[in-house]
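The values are calculated or read from the model by the stated rules, or taken from the named source; none is laboratory data. Note that the structure is predicted; figures quoted are calculated from it, not measured. Cβ placement follows ideal geometry from the backbone for every residue including glycine, while neighbour counts extend to all protein chains displayed. Note: accessible area is taken over every heavy atom of the protein model, side chains too, but ligands, DNA and RNA are not part of it. Shrake-Rupley method; radii C 1.70, N 1.55, O 1.52, S 1.80 Å.
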Amino acid sequence: MIFWQLFITFFHIGFFTIGGGYVMIPLIEKEVVDKHKWIDSQTFIDMLALAQSVPGIMAVNTAIFVGYHRKGILGALCCLLGCVLPSFIVILAIAISFSQLKGNQHIEHIFQGIRPAVVALMVYSVWSMIKKIPQKWVNYTIIVAVTLILFFLPISPIWLILVAAFLGLLIGIRQEKR
Amino acid sequence: MDIYIDLFLCFFKIGLFAFGGGYAVISLIQHDIVEVNGWLSAKEFTDIVAISQTTPGPIGVNAATYVGYTATGSAIGAFVATFAMLLPSIILMLIICYFFGKFHQNKYIEYCFLGLRPAIIGLIAAVCLQLTNKENFIDYKSAVIFLVVLFASKKIHPIWLILGSGLAGWLLYSF
């Protein structure tokens, strides 16, 4: 049955991809395009651009698109549920056991080691993202301005996201006119 | 009951503005969940990022599930927060799929990303600064772990770095 197959394929993808949504994309492509042939390669690439420009979690957006493309709204819901359920179950189990382990010295020591490592991983991802965008002064200015504003002022990131999108629009239109 | 409504509204908002994959989500959670609502401490927030890196699934879903549970103490809270986080995606994606069938990249949306891409880097950089605090860096050993992981990041997968630093933390602070 196709609905079950959509669900179980995305459940499998959701369960075996550790380390965030971006890891899921190549696996989704392999299963959906190469193995099951639910979508052709070009549509998948177009869809990735879409999944990136719509807010929300990219892997989740991709799952919804694939499901809808194959079997309408019900198909979309099957893929969504399959994609999200593994992490929901795992994290709920962790949250429940953590609330009972609170105050355990061993766990606290382990996390005392992990916390600075997490900050280092985030600093590294900032560095690798900077290398990936066009090396222009306008980009550097936006990065530094957003960092300083968010760090020093009690402002919501939402406003900075909106202003940055508008700024991007102006930059794009200006480039077009030249 | 109020806490469930607050969770729903807060995560709906995060889902709605989560541009650029998991990265903007981190910044929105830091602001709304840690600073504004105080549902998590900076320490717990760092722990969730670590847990997300070592468990299945996108960080947005992981954080919503975890916060939903800890803020209410029930699985229903976890469900409400996760569902609220996903709802904007569901609505927007279904509308787009329904009206456009096949999506063609819109140039104005592409223009917006000229500004969004560097801005999202800035959002994460600010979170890095905010997390460089006394809760996460308790002594010189923390600084050593930070530097080792930073320089090893190029070659070694994050999962191994997190597991390794967990082991290092246990050895350094237990004995």
task = Find the helices (runs of 4 or more DSSP H) located wholly in region B:22-131 whose residues include 1 or more that are open to solvent by 10 Å² or more (accessible area, probe 1.4 Å) and under 30 Å from residue A:72 (Cβ atoms), and list them.
result = B:22-29, B:59-72, B:75-100, B:107-131
message = Given the condition farther than 19 Å from residue B:136 by Cβ, open to solvent by 30 Å² or more (accessible area, probe 1.4 Å) and in contact (Cβ under 8 Å) with a residue 12 or more places away in the chain, answer yes or no: does some residue in region A:139-158 qualify?
response = no
inquiry  = Any residue that is in contact (Cβ under 8 Å) with a residue 24 or more places away in the chain, over 17 Å from residue B:49 (Cα atoms), facing chain B (nearest Cβ under 7 Å) and assigned to a helix (DSSP H, G or I) - is there at least one of those in region A:159-166?
reply    = no
key: Index of the failed condition, residue B:7 passing every other in (1) more than 24 Å from residue A:147 (Cβ to Cβ); (2) surrounded by fewer than 22 Cβ atoms within 10 Å (Cβ to Cβ); (3) modelled with pLDDT of 90 or more   = (2)
remark   = From the option list A:63, A:59, single residue qualifying as crowded, with 18+ Cβ neighbours inside 10 Å, more than 7 Å from chain B (Cβ to nearest Cβ) and not charged (D, E, K, R) is A:63
request  = Tell me, yes or no, whether region B:150-169 has at least one residue that is touching a strand residue (DSSP E or B) at 6+ places or on another chain (Cβ under 7 Å), at pLDDT below 90 and either hydroxyl-bearing (Ser, Thr, Tyr) or not assigned by TED's automatic domain parsing to the domain that holds residue B:14 (or both).
outcome  = yes
query = residue B:56 versus (1) more than 7 Å from chain A (Cβ to nearest Cβ); (2) within 16 Å of the chain's Cα centre (by Cα); (3) not hydrophobic (A, V, I, L, M, F, W, C): which is the lone unmet condition?
reply = (1)
query = Which one is nearest to residue B:18 (Cα to Cα), of the residues in region A:84-101 that are of a type outside the set (A, V, I, L, M) and more than 15 Å from the chain's Cα centre (by Cα)?
reply = A:88
Criterion: more than 24 Å from residue B:107 (Cα to Cα), more than 8 Å from chain B (Cβ to nearest Cβ) and either within 21 Å of the chain's Cα centre (by Cα) or not in a helix (DSSP H, G or I) (or both) - qualifying residue of A:121, A:81 = A:81
task = Please list, ordered by first then second residue, the pairs with beta carbon atoms under 7 Å, 6 or more apart or interchain, first in region A:57-68 and closer than 15 Å to residue B:23 by Cβ and in the same structural domain as residue A:27 (by TED's automatic domain parsing), second polar (S, T, N, Q) and open to solvent by 10 Å² or more (accessible area, probe 1.4 Å).
result = A:58/A:52
inquiry  = Being buried (at least 19 other Cβ atoms within 10 Å of the Cβ), more than 12 Å from the chain's Cα centre (by Cα) and aliphatic (A, V, I, L, M) is the filter here; which residues of region A:40-56 pass it?
reply    = A:47, A:50
inquiry  = Please pick out the residue among B:4, B:23, B:98 that is of a type in the set (Ser, Thr, Tyr), farther than 30 Å from residue B:157 by Cα, touching a residue at least 12 places away in the same chain (Cβ under 8 Å) and more than 7 Å from chain A (Cβ to nearest Cβ).
reply    = B:4
inquiry  = Quick check on region A:10-28. Is at least one of its residues farther than 23 Å from residue B:49 by Cα, more than 8 Å from every other protein chain (Cβ to nearest Cβ) and open to solvent by 20 Å² or more (accessible area, probe 1.4 Å)?
reply    = no
ask   = Right, residue B:147: modelled with pLDDT of 90 or more, open to solvent by 60 Å² or more (accessible area, probe 1.4 Å), more than 7 Å from chain A (Cβ to nearest Cβ) and assigned to a helix (DSSP H, G or I) or not?
value = yes
remark   = Filtering region B:26-57 for residues that are of a type in the set (Asp, Glu) and farther than 21 Å from residue B:159 by Cβ leaves a count of 2
message = With the structure loaded, tell me whether residue A:100 is at the interface with chain B (Cβ under 8 Å from one of its Cβ atoms), polar (S, T, N, Q), open to solvent by 40 Å² or more (accessible area, probe 1.4 Å) and without any contact (Cβ under 8 Å) to a residue 60 or more places away in the chain or whether it fails that test.
response = no
